[in-house]
Every structure is written in structure tokens, then in C-alpha cells.
Amino acid sequence: MKSIRLLIFLFLGLGLSFSCEKGNTYYTDFSKDNISFDGTIYEYLVNKPGQYDSLILLLEILPELKDKLSNPNDTLSFFVTDNRSFALAIKNLNTKLIEAKKDPLYLEDLDKKIMDTLAYRYLIEDLIGINDLKEHKDGIKIISAKYDYEMHGQYRVLTASGLVGKGDQQIVYSDVNNSIYRRYWQNANTRSVNLKAKNGYIHTLTPQHEFAFGKLIEYFTKDK
């Protein structure tokens, strides 16, 4: 009986050892560079019905940005916002407008030039993936496309099952608001990273992110 118990414990120990070894290797060697989409960033968006309809509408309003995301010869990194991110931004904007006894506004009503500046903050004219940020503890300065607006990217690993640093890997993408002080920054976390399209990386932000980092209220509730 003792021999049987000993064998059971040995097998359990071997199984646990193998499981931990597999887990450690996975998180140490993790790379999503092999996840790819056979098309451009724009083609990826239109192939996800029900997820990015608001973003696609915005791209119809901003054809220059649409063309850039459609060009297979460009080299880009794009932080993608889903329908809920836009819905949250529009809801918060209209709450303020209604409080001020003003008419509500929707995506197609918003000033095109302002929306252009805000939309380009999600686009980088370079390949920046999760592995480019790992070695930078405090993150790196990122200059977004067209308007050269400063953003910030930082690598983070979540906790999984109580194991620190063993969960999903994220990019924390921040609007620094022209400040060196982090307390003034507005952060967005990725839900997925390093999806490689023909013209660059797609990093998807979580649905909790408010499109434009809350700046629709700042720009569109002012009295003209």
C-alpha cells in the first residue's frame, strides 16, 4: 500500500513539474509574432462585422487615414478601438451636452479636423510590438503619425492565478497630455497585441477605453 502511495506521489510530482516547466517556458518565450492576417489593417477591420463599425465609419469620414491603413506598402502600428469605446465616448459627450441644454452630437456631426487629430494618435508610422517594449522598464516615448503628437507605450504582464508576472502581456498606451508627470496621463490597456497584418501591427484596446482618451468632451462642449 505504501508503495502504491509513493508511486502516486511520484507521478503527481512529475506532472506538476512538467506543468510548471511548460508554463514558465510559455511566459518566458512568449511571442505573438506568428499571429498574422493575410490582408491590410483596414481589411482586417472590415472583416470583423459588429466589432469595429464605428471605427470604419470614422475612416469613411477621414479618407486619408483610411487610405493609409489600406496601403499594403506602409509600415504601421495601429491601436484599434472597438464599438464600445466609441459608444462610451459619445455617451459621455452627450451627457455633458444635455446637462448644458445643448443638442446631442454623433460621430458624423463632429468637426472633421479635430477628429483627424484625435484619430491619428492611435497610429504610429513604425513597427512597435510587445517585444520592443520589454527591455524598457519605464516604457518609451512614441510619436504618433501625421501630427507628431507624443504618446507613451509601456510593457506590462498581468497576474494569473496568483502568479505574479505570469498572465497576459499588455501594452499600456498613454496620452501624456504634453506633461512629464504621469498623474496627468490617460492610459489605455490592450486586450490583444502583435496581430501582424500586411502593413503592420494591430494592437486592440480593451472595450473600457474611451475613444479619444476623454477629449471629445474637452473639444465639443465649448461654446463657439
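The values are calculated or read from the model by the stated rules, or taken from the named source; none is laboratory data. The structure displayed is predicted, hence computed values, not measured ones. Ideal geometry is used to build each Cβ from the backbone, glycine not excepted, and the neighbour counts take in all protein chains shown.
Here are the numbers for the structure shown:
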| quantity | calculated |
| --- | --- |
| Positions within the stretch 142-161 being at pLDDT 90 or above and within 16 Å of Ser192 (Cα to Cα), in sequence order | Gly153, Gln154, Tyr155, Arg156 |
| Hits in the stretch 192-224 - residues which are over 19 Å from Ala119 (Cβ atoms), in a strand (DSSP E or B) and of a type outside the set (A, V, I, L, M, F, W, C) | Ser192, Asn194, Lys196 |
| Wholly within the stretch 1-113, helices (runs of 4 or more DSSP H) carrying at least 3 residues that are at pLDDT 95 or above | 41-46, 53-61, 63-70, 83-99 |
| Residue in the stretch 111-133 that is surrounded by fewer than 16 Cβ atoms within 10 Å (Cβ to Cβ), free of Cβ contacts under 8 Å to residues at least 40 places away in the same chain and of a type outside the set (D, E, K, R) present | no |
| Candidates Ser70, Ser77, filtered to the one that is crowded, with 22+ Cβ neighbours inside 10 Å and small (Gly, Ala, Ser) | Ser77 |
| Residue pairs meeting the criteria (Cβ under 7 Å; at least 6 apart or on separate chains; first touching a residue at least 24 places away in the same chain (Cβ under 8 Å), in the stretch 87-109; second polar (S, T, N, Q)) | Lys96/Thr221; Leu97/Thr221; Ala100/Thr221; Leu105/Asn94; Leu107/Ser54 |
| Test result for Thr75, more than 16 Å from Ile56 (Cβ to Cβ) and free of Cβ contacts under 8 Å to residues at least 12 places away in the same chain | no |
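Let's see how each residue does on (1) within 16 Å of the chain's Cα centre (by Cα); (2) polar (S, T, N, Q); (3) closer than 21 Å to Leu55 by Cα:
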residue	(1), (2), (3)
Glu135	no, no, no
Met151	yes, no, yes
Gln170	yes, yes, no
Arg182	no, no, no
Arg191	yes, no, yes
His203	yes, no, yes
Ala212	yes, no, yes
